[in-house]
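Trainee: Okay, handing you the structure first.
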Number of protein chains: 2
Amino acid sequence: MNHTIETILQHRSIRQFKVEPIEAEKLQLILACANAASTSSFIQCSSIIRVTNKSNRALLAELAGGQSYVESAAEFLVFCADFNRHQQIHPQAQLGFAEQTLIGAVDTALMGQNAMLAAESMGLGGVYIGGIRNNPQQVTELLELPKHVLPLFGMCLGYPAKVPEQKPRLPLDIVVHQDSYQSIDKSVLAKYDNEISRYYASRNRNNKSTSWSEQITSTLSKESRPFMLEYIQAQGFSLK
Amino acid sequence: MNHTIETILQHRSIRQFKVEPIEAEKLQLILACANAASTSSFIQCSSIIRVTNKSNRALLAELAGGQSYVESAAEFLVFCADFNRHQQIHPQAQLGFAEQTLIGAVDTALMGQNAMLAAESMGLGGVYIGGIRNNPQQVTELLELPKHVLPLFGMCLGYPAKVPEQKPRLPLDIVVHQDSYQSIDKSVLAKYDNEISRYYASRNRNNKSTSWSEQITSTLSKESRPFMLEYIQAQGFSLK
């Protein structure tokens, strides 16, 4: 098993950081790695906003649902799908297609994961912050994002102060299908639910009593950011 | 510079593969790495279809716009956003939110990039195949994808027969913004356009005469898979 695979398999979200900053050369490497990801048809439709302004960091922490590490992490990056860039170059660019939302989300996430792994490979840690989508309009205004720019996720990075246990993932038997889609094997799921119940009951922080099935049943019984379609369309995405 | 960062920075898309297969243990590691990626609120909404059926591989190569390596690569994986899994567990799950399309696309792409890097770190190569979105309905039928499953991209993997030059990316000065969105610096873009023109003029295959600005102007003068919104919604995504 090589260093890359070890890095990938060792992943856990880090939410508690030391106060020390990330060295400038390391940050440059992280950003260069982000930028080396594949890009659909060479479209290069992603932007990264590095937020250094302290009061904006505090506001973003609040907008993300009170996630204090958005403020305290050494770095906070906001990854955006960006077709405004193309409109600056070609004012008549055909934009607003749902396809571009998919390309933007996929390509930007590839960049994000490169950045995350580059950071982790150097002893840093991080966590994705989907919470910036709690209040997308305010985030958009705070970062002065023009139309055709869609903030997808934030990323906290820094030196880990505490490394949590790893959360067990669904078994590959459920995630990987051969040749055609297969329904869940209930006995495999039951075993996994037991594993997750044990994990939640025994972990060091935020103990709880729930299986994965119970958790997702609860999560998906509620609306999921029901304002998102309207917001996305106002930003010029998924209109057609 | 460590092995992970070297792997990331060495990336290029591989489209010509040796005939030798990927060893079973390596494939397992690639899939395990995919599965180790972050997942939004632990929702785990991704599935991977490993296509081994020869005639389906040939059909997919054609549906993806005549990309023969979809047929000839040692492995072809189709990465999907998958909320059908959750509906199997919780038939009343609230689905159809645009937010879930974003989560699905982002989380699935994080998995994809883990898989790609794991493969590259072991001397394999690969290429993302967005072309499966050329004919999403046929791909859906071929892989028997039920509602609430969205095929996002394919991935060819195998041992490289030919390693192409690296394609220069936009300068970080354009991709990374500090604190707020900044418009493109035209002089930085002009330099990059020159660099890309030189790259296209001098590369070993598919020489052409175009800058990046010219290329994206041409790409974005046409509609971008205009059937996508209708297809996505028929699959139960981005309805609200």
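Trainee: Taking a label point 7 Å out from Cα toward Cβ, give me the nm distances from B:PRO91 to the same spot in the other copies, shortest first, one decimal.
Mentor: Taking the point 7 Å beyond Cα along Cα→Cβ, the inter-copy spacings are 5.7 nm.
Trainee: To one decimal in nm, how far is B:SER55 from the same spot in the other copies, if labels go 7 Å from Cα toward Cβ? Please give the shortest first.
Mentor: Here the equivalent label points are 6.8 nm apart from this one.
Trainee: Taking the Cα centre of each part, how many Å lie between region B:137-175 and region A:6-83?
Mentor: If you average the Cα positions of each part, the centres end up 24 Å apart.
Trainee: Something else now. Net charge near A:PHE153, counting Lys/Arg +1 and Asp/Glu -1 over other residues with Cβ under 11 Å of its Cβ? Could you put the intermediate results ahead of the total?
Mentor: On the way: positive: A:ARG133; negative: B:ASP107.
Net of charged neighbours comes to 0.
Trainee: Where only protein heavy atoms count, and the probe is 1.4 Å, what is the accessible area per residue for the protein assembly as shown in Å²? Could you put the intermediate results ahead of the total?
Mentor: Working: 18640 Å² over 480 residues.
Averaged over the residues of the protein assembly as shown, the accessible area is 39 Å².
Trainee: Which of the residue pairs A:LYS191/B:LYS26; A:LYS162/B:LYS167; B:LYS186/B:LYS208 have a Cα-Cα distance greater than 29 Å in the structure shown? If you can, show how the numbers build up before the last one.
Mentor: Details: A:LYS191/B:LYS26 26 Å; A:LYS162/B:LYS167 39 Å; B:LYS186/B:LYS208 23 Å.
Distance filter (> 29 Å) returns A:LYS162/B:LYS167.
Trainee: Determine the shape class of the protein assembly as shown: with a ≥ b ≥ c the square roots of the Cα gyration tensor eigenvalues, call it rounded for a/c under 1.5, and otherwise prolate if a/b is greater than b/c, oblate otherwise. Write out the running numbers ahead of the final one.
Mentor: Details: a/c = 1.26, a/b = 1.06, b/c = 1.19.
The shape class here is rounded.
Trainee: Is the C-alpha gyration tensor of region A:3-164 telling us rounded, prolate or oblate? Criteria: a/c under 1.5 is rounded; beyond that, a/b larger than b/c is prolate, otherwise oblate.
Mentor: Numbers: a/c = 2.09, a/b = 1.37, b/c = 1.52.
It is oblate, given that a/c is not under 1.5 and a/b is not larger than b/c.
Trainee: Here's something else I'd like to know. Excluding residues on the same chain fewer than 8 positions from A:LYS54, give the lysines whose Cα lies under 19 Å from its Cα.
Mentor: Straight-distance partners of A:LYS54: A:LYS18.
Trainee: Next up: Take A:ALA161, project a point 7 Å from its Cα along the Cβ direction, then tell me which residues of region A:1-33 have their backbone nitrogen under 16 Å from it.
Mentor: A:14-22
Trainee: Quick check: at a probe of 1.4 Å, how many percent of the accessible area of region B:44-126 sits on carbon and sulfur atoms? Display every interim value, and only then the final one.
Mentor: Working: 910 of 1970 Å².
C and S atoms contribute 46 percent here.
Trainee: Enter the buried accessible area of the A/B pair, total of both sides, probe 1.4 Å, in Å² rounded to the nearest 100. Please report the intermediate quantities before stating the final value.
Mentor: Working: alone 14050 and 14070 Å², together 18640 Å².
Roughly 9500 Å².
Trainee: In nm, one decimal, shortest first: how far is the label point of A:ARG203 (7 Å from Cα along Cα to beta carbon) from the matching points in the other copies?
Mentor: 4.3
Trainee: Sticking with this structure for a sec: Within region A:113-156, list the residues whose amide N lies under 17 Å from a label point set 7 Å along Cα→Cβ of A:GLU23.
Mentor: Answer for this model: A:118-125.
The values are calculated or read from the model by the stated rules, or taken from the named source; none is laboratory data. Just so it is clear, the structure is predicted and the values come from calculations on it, not from any experiment. Using ideal geometry, Cβ is built from the backbone for each residue, glycine included, and neighbour counts are taken over all protein chains shown. In case anyone asks, the SASA skips ligands and DNA or RNA and just uses the protein heavy atoms, side chains included. Shrake-Rupley method; radii C 1.70, N 1.55, O 1.52, S 1.80 Å.
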